[in-house]
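The structure appears below as structure tokens.
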Amino acid sequence: MDLLYKNQKYLNVLLGDIGILFITLFVHRFLENSQLILYIGPVLILVNTLQLWFSKELKKSLDFIIRYRYPIALFVFLVLVFFRVNGSSIGVFDTIYGKEENIITELFGKARPIRSDEFVVQVPYFFSQYFNSFGLNSHMMSLSGQNMIIGYNSPVLDLTLIGKPDIWGYMLFGNEIGLSWYWNFRIIAFLLIGYEMFVILTKNKYLSLFASICLVFSPALQWWFAPHMYQVFFWASTLFVVGYYFFIAHQKWKKVLFTILSISALVGFVVSIFPSLQVPLGLLMLILMVCCLIRDRQELKWEKTDFLRLLFVIVIVGIVLGVFLVESKDAIKLLNDTVYPGKRISTGGDYPFANLFTDPAMMLTPFQAPKALNECEISCFNHFGVLFILYYPYLYYVVKKKGGSTIVGNALFIILLIEIFFMIIGFPTWLAKITLFSYMNRMVLVYGFTAFLFTFWSIQKVWEYRKNLRKSIAFATGCIYIIIYLLAYRNYGSSFYSGHISSLIYFVIPFILGGFSILLFTKWRKLFFPVFGSWVILTGMFVNPIVIGAESITNHTLVSEAVKINLENPKENWLCLNSLHTQNLLMANGIPVLNAVNFYPDEMKWNLIDPEHEQEDFYNRYLHMLIELTSDPTSFSLISKDACQIHLNIEDLKKWDIHYLTTNIGSETKTVLQNYGIQYSVLYTDQASNEEIIKLDY
């Protein structure tokens, strides 16, 4: 064993090379459009192997990157934006509407149809703002007008821009560069913020760099990258970092910087408008910030002028949010009064025990969709929360005995226990409401994030006090963890994938992750990182494609013809029949389509066809609209909680003042129009999408 330990660096490199080789072959075999990995993999193996001879030089390079991380990040950001690189799933439109030959938009990976909130709703909303002069209210999808900040924080020229730097590119450079700016800013900025967050928590720059990468490329954040969940995690983390340095910073220029950043972070967090994450994450990061300030209270030097800084932040944030609330109060009320998502109340108790662990299926979701649920809903953070919860009483005892600080660990430990109680057992309704837990219907993500923070805080403490920790206790804890891990997934994932794959994944992965996590408590701890790093790469880095440009939004013959028609008659309303996609694609190109997605009910539109509000439960929600024409009375039926099928009476077309339709070739639309005596003309027939454009002549 001593000989092996002396040659641990060879084992470390070997594990890294094996991990890279496995990822290269696995990705090339199971991920569409992944030829590029065959060039990247060998380069990474070479760089990893060079550690054997140039470890000092590589460490210096790493130190250089950490030291100059901000100018390096800016340079990388500018290069990526210049080449219009993004990770959007807009390529799905190419499969529906066709594209010109020899046009390559997806450089690597594949678009994700499951991410319809991103490419069907968010991107069209953002792009449509270019044609709306970035106004607060838009009539591109609504007769009454939709508040575009409520609409996934679309680009709006107003004071809240100070808290939305990720969308500045849209207003500065237009849609294509704006999309690239949005994606790259979010990734690079969160890598920087994540690093600073873990430096505060652990005081270890190398561990913080690794943790930051693991955080940003976790399955949870990549599958939910857009529209708003990623945003809430980013701004909550930013608030923690900026808030900490707001009180700790001593130099004058830093005080000025963090005063300005505090305004941006507070505005950005508040206008994210996703209470089910904002409430728990806001409380979590506030508690952690206070704990870190108490831990580092010797560094605090609060002066009288700092009260002026605090007052300045409060006043400016109050003005920005006050103006936003006044201008948007009606839209916010309509949103809160919706059946979905406005009236959701969570009391917990309905989460499976398996949700307390990293889901082994995460290694499959980027390559094969599960049979039950979907990739987004089962996505999670990669962590060892349960392992360190089991180990923490002993770790706490040792650290306190040696005079170390455990205030951060205590806070995370207690918060995790509360989160677990809520998830597994649940709260009474009255308790859920007074504690604000009634908002927390995404607790599994909040728990995963908390467990992730606790994991890396604990890893640092284990390293720091390794000479005082008994290996036998760590080994026993690790074995218990593996057993519980296996039992938790014994039946949980059986329906996600085919039997033999499911059985293999849910048996082998807990052994691998659990087994190597035990090494963290030993002198072999460095061997853990190439294995866990490989897991992070496999589960998170191949979720979203690498895309060049935004031609998938504009490069379709149906779109080109519709744009030409709209330029001739720009103020006339369109309706897209028999589709959940066409309406949003046309809206992204500046065409007003009344059945594009609405975030809250378009009162003017619905009052025209349902003046007594008899069908209100169907449309009083965040709504995708699938519309078919009929000569029968208008009727509604729910497809899902956020989608409704509407059989629209032909007479209601006139009430909505519809002048143009798109419909499937061969549908009953023209027959219904003829039977009702409405004159029409087919302006364009598109074979690629099997749709046609019809002009109505009342």
With r as the distance between the Cβ atoms of SER637 and ASP330 and R0 = 45 Å, compute the FRET efficiency 1/(1 + (r/R0)^6) and round to 0.05. 0.95
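If contacts are Cα pairs under 8 angstrom and at least 6 residues apart, what is the relative contact order of the stretch 63-217 in percent?
It rounds to 21 percent for the stretch 63-217.
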With each label point set 7 Å from Cα along the Cα-Cβ vector, what nm distance links HIS647 and LEU431? 4.8 nm
Extent of the stretch 345-521 along each principal axis, from alpha carbon coordinates, in Å, largest to smallest? 50, 44, 23
Just from its helices, what would the mean residue ellipticity at 222 nm be for the chain, if runs of 4 or more DSSP H residues each count -39500 (n - 2.57) and the sum is divided by every residue, rounded to the nearest 500 deg cm²/dmol? -18000 deg cm²/dmol
Calculate the length of the line joining the C-alpha centroid of the stretch 570-642 to that of the stretch 442-485, in whole Å. 50 Å
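Using the 10 angstrom Cβ neighbour count as an exposure proxy, how do VAL399, VAL256 rank, fewest first?
The fewest-first ordering by Cβ neighbours comes to VAL256, VAL399.
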The set of residues whose placed amide H lies less than 5 Å from the amide H of GLU691, leaving out same-chain residues fewer than 5 positions away, is ILE665, ASP686
Quick one: grab the alpha carbon gyration tensor of the stretch 9-136, order the square roots of its eigenvalues as a ≥ b ≥ c, and give me rounded if a/c is under 1.5, else prolate or oblate depending on whether a/b is larger than b/c. oblate
Please get the size of the charge dipole for the chain, origin at its Cα centre, with Cβ charges of +1 on Lys and Arg and -1 on Asp and Glu, quoted in debye to the nearest 20. 4820 debye
Under 13 Å from the Cα of LYS205, which aspartates and glutamates turn up, not counting those fewer than eight places away in the same chain? ASP63, GLU196
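Given Cα pairs under 8 Å that are at least 6 residues apart, what percent is the relative contact order of the stretch 556-696?
Over the stretch 556-696, the number comes to 24 percent.
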Ordering of 72-82, 534-544 by packing [mean C-beta count within 10 Å, highest first]: 534-544, 72-82
Take the cross-link list LYS605/LYS695; LYS56/LYS203; LYS9/LYS60; LYS333/LYS371; LYS164/LYS254; LYS400/LYS523 and give me the ones stretching past 27 Å between alpha-carbons. LYS333/LYS371
Have a look at LEU453, GLY151, ILE650 and report the one farthest towards the positive end of the charge dipole of the chain, computed about the Cα centre with Cβ charges (Lys/Arg +1, Asp/Glu -1). LEU453
Given the chain, longest segment not containing exposed loop trypsin sites (Lys or Arg not before Pro) (DSSP; at most 13 other Cβ within 10 Å): 1-202
Relative contact order (percent, whole number), the chain, Cα cutoff 8 Å, 6+ residue spacing: 18 percent
If you line up the long axis of helix 385-401 against the longest principal axis of the chain, both from Cα atoms, how many degrees apart are they, to the nearest 10? 40 degrees
Tilt, helix 471-488 to longest principal axis of the chain (alpha-carbon atoms), in degrees rounded to tens, equals 20 degrees
Which of the chymotrypsin sites (Phe, Trp or Tyr not before Pro) found in the stretch 5-65 are in a DSSP loop and have at most 15 neighbouring Cβ atoms, other than their own, within 10 Å? none
By how many degrees, between 0 and 90 and to the nearest 10, does the Cα long axis of helix 175-202 differ from the longest principal axis of the chain? 30 degrees
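Throughout, read-outs are computed from the coordinates displayed, never taken from laboratory work. Remember, it's a predicted structure, so these values are computed and weren't measured experimentally. All Cβ positions, even for glycine, are placed from backbone atoms using ideal geometry, and neighbour counts span all protein chains on display.
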